[in-house]
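Read-outs: derived from the displayed coordinates by stated rules, not from any lab. Since the model is a prediction, treat every value here as computed from it, not as a measurement. Note: ideal-geometry Cβ built from the backbone for every residue, glycine included; neighbour counts use all protein chains shown.
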Ligand SMILES: NC(=O)c1ccc[n+]([C@@H]2O[C@H](COP(=O)([O-])OP(=O)(O)OC[C@H]3O[C@@H](n4cnc5c(N)ncnc54)[C@H](OP(=O)(O)O)[C@@H]3O)[C@@H](O)[C@H]2O)c1
C-alpha cells in the first residue's frame, strides 16, 4: 500500500492526477486543501479529505502522520510553503516529496529570459534542494488538455526542450514517481511533450 498526501488537492493538476492514482488498487490518498467543501470524495474507502492551509504546520504535521509520499501541487507563497513542508516532513520522518514547480526557474528555457514572476518557484526549489529529503521537483511546460501521454525529461543543467506538456502526461509521471521511491530522487526535472 502506498499512502499519498496531496497538498493543494483542488488545483487543476492535482484534480487531474487523483483519478490516475485511484486506478492503482494499492494506493490510499489524503487530499489536503483549503475550503474542503469544494471537493467531493471520489472513493471514500480509499480517500480521506482534510481541510487545511499548508502554512498551518500543526495541521500539516497531523495530516503527514502515516504517509509514504507527499505530492505538493501549490501556487502562491511557495517559498514559505516549501519551508513549512520540509520542516514538517523532517519532524514527522517522511522522506519522499514530489513538488510541482515550473519551467524557467533556472533560466533554462532557450530564448526566454528569467522573469521575476518565477521567484516563488525558484526560491521554493532552492529550499527543497537544500534539504535532505528524497525530492523530485517537476518543472513542467505549459499545461494542455491533450489526452495523450507523451513526454520527455530534461535534468537540471540541461536546456529545456519543447514548450507544452499535457496534464495527463504529468499525472502519469507523478503516479510513477509516487510509486517508485528511488526514481529520479534528488532531481529537478523539466517535463515537456515528446
Ligand atoms: N498552467 C500551466 O500551464 C503551468 C505550467 C507550469 C507550471 N505551472 C504551475 O504548476 C502548479 C500547479 O498547477 P495547477 O494548475 O494545478 O495550479 P492551481 O490550479 O492554481 O492549484 C494550486 C493550488 O494551490 C493551492 N494553495 C495555494 N496556497 C495554498 C496554501 N497555503 N495551502 C493550501 N493550498 C494552497 C490553491 O488552493 P486554493 O484553491 O485554496 O487557492 C490551489 O488549489 C502551479 O504552481 C502552476 O503555476 C502551471
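Here are the numbers:
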read-out: Selection from the range 1-44 of residues that are in a strand (DSSP E or B) and closer than 21 Å to residue 86 by Cα; value: 2, 3, 4, 5, 6, 7, 29, 30, 31, 32, 33
read-out: Some residue of the range 34-53 being within 11 Å of the ligand (Cβ to nearest atom) and under 24 Å from residue 169 (Cβ atoms); value: yes
read-out: Selection within the range 92-105 - over 17 Å from residue 160 (Cβ atoms) and within 15 Å of the ligand (Cβ to nearest atom); value: 97, 98, 99
read-out: Residues of the range 13-33 satisfying the condition of being out of contact with any helix residue (DSSP H, G or I) (no Cβ under 7 Å at 6 or more places or on another chain) and within 8 Å of the ligand (Cβ to nearest atom); value: 14, 15, 33
read-out: Considering residues of the range 157-183 that are part of a loop (DSSP other than H, G, I, E, B) and within 16 Å of the ligand (Cβ to nearest atom) only, the residue nearest to residue 16 (Cα to Cα); value: 163
read-out: Counted residues, the range 59-80 - those being without any contact (Cβ under 8 Å) to a residue 60 or more places away in the chain and either within 12 Å of the ligand (Cβ to nearest atom) or buried (at least 17 other Cβ atoms within 10 Å of the Cβ) (or both); value: 9
read-out: Residues satisfying the stated conditions in the range 106-135, i.e. out of contact with any strand residue (DSSP E or B) (no Cβ under 6 Å at 6 or more places or on another chain), closer than 26 Å to residue 161 by Cβ, touching a residue at least 24 places away in the same chain (Cβ under 8 Å) and not in a helix (DSSP H, G or I); value: 106, 108, 109, 110
